[in-house]
């Protein structure tokens, strides 16, 4: 079995930056264990699988270890592939996912994703969080993920986490964030329990970061930068129970992958 396959760098305008994602465009769904094997072989933060279903596409995301309920950069990457190579006449793509309908549309030279907001609530800091980060944040909150807020961008950049300790936490991801020096806010994202020590540029965490910083800064439109080694630039807008997360993407590789009929 041969499947069309793309590797796309998301939340960047150049290759070798942003967050790389695998994208498989399928005629029909593969068994979940087959998709998980492909994602493990790719060993990216996420591999996305898309199937056309009438006037929309079904979309699923897999880390090297697990299927996840929401992934921003692989959604952006999939939309870029579809709008560039499969549906060039369209201005937007509708996806059906485990997080409901997601719409990605062309806007101001970027791709803008309409995602559900996940406003975090204050919580006590688990010992494994503080020990795993190796630094005490000024505030800890939680939605799907834990979010640790620091005073400065420098503190966020300088963190050297203990990923084994962070992997003990009962969450998908640990977000660290602070006000930015040249962007409205910066962040990093760690998900060792999902097989991702540090994610280079993470759309789904901005479902939590956007409403938090919109409230803190008193502005709806926000410029964000993920200060990982590869870096990622995001343009966010708070819309109450939804948020817009926009960015660019570039295809690094395209071809076919060969999958045995029996695994």
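Total residues in the stretch 1-19 satisfying the condition of being in contact with a helix residue (DSSP H, G or I) (Cβ under 9 Å, 6 or more places away or on another chain) and within 18 Å of residue 104 (Cα to Cα): the figure is 5.
Identify, from the list 189, 183, 224, the residue that is crowded, with 23+ Cβ neighbours inside 10 Å, within 22 Å of residue 110 (Cα to Cα) and modelled with pLDDT of 95 or more. So that I can check it myself, show each step before the final result.
Details: 189 fails: within 22 Å of residue 110 (Cα to Cα); 183 fails: crowded, with 23+ Cβ neighbours inside 10 Å.
None of the other options fit; the residue is 224.
Kindly indicate whether any position in the stretch 151-159 is crowded, with 19+ Cβ neighbours inside 10 Å, in contact with a strand residue (DSSP E or B) (Cβ under 6 Å, 6 or more places away or on another chain), in the same structural domain as residue 201 (by TED's automatic domain parsing) and more than 27 Å from residue 65 (Cβ to Cβ). Yes.
The helices (runs of 4 or more DSSP H) falling completely within the stretch 106-225 that include 3 or more residues that are touching a helix residue (DSSP H, G or I) at 6+ places or on another chain (Cβ under 8 Å) map to 127-133, 163-166. Set side by side, the residues 102, 59, 83, 30 differ, and just one is surrounded by 17 or more Cβ atoms within 10 Å (Cβ to Cβ), assigned to a loop (DSSP other than H, G, I, E, B) and not assigned by TED's automatic domain parsing to the domain that holds residue 223, which is 30.
Anything in the stretch 86-104 that is without any contact (Cβ under 8 Å) to a residue 24 or more places away in the chain and within 19 Å of residue 21 (Cβ to Cβ)? List them, or say none. Steps first, please.
Within the stretch 86-104, the first condition is being without any contact (Cβ under 8 Å) to a residue 24 or more places away in the chain, and the residues that meet it are 87-92, 100, 103.
87, 103, listed by residue number.
Residue 89 passes every criterion in (1) assigned to a loop (DSSP other than H, G, I, E, B); (2) under 24 Å from residue 257 (Cα atoms); (3) out of contact with any strand residue (DSSP E or B) (no Cβ under 7 Å at 6 or more places or on another chain) apart from (2). Here the stretch 192-207 is the region considered, the condition is being out of contact with any strand residue (DSSP E or B) (no Cβ under 6 Å at 6 or more places or on another chain) and closer than 14 Å to residue 71 by Cα, and the residue that is surrounded by the most Cβ atoms within 10 Å (Cβ to Cβ) is 204.
The values are calculated or read from the model by the stated rules, or taken from the named source; none is laboratory data. What you see is a predicted model; the values in this text were computed from it and never measured. Cβ: placed from backbone, ideal geometry, glycine included. Neighbour counts: every protein chain shown.
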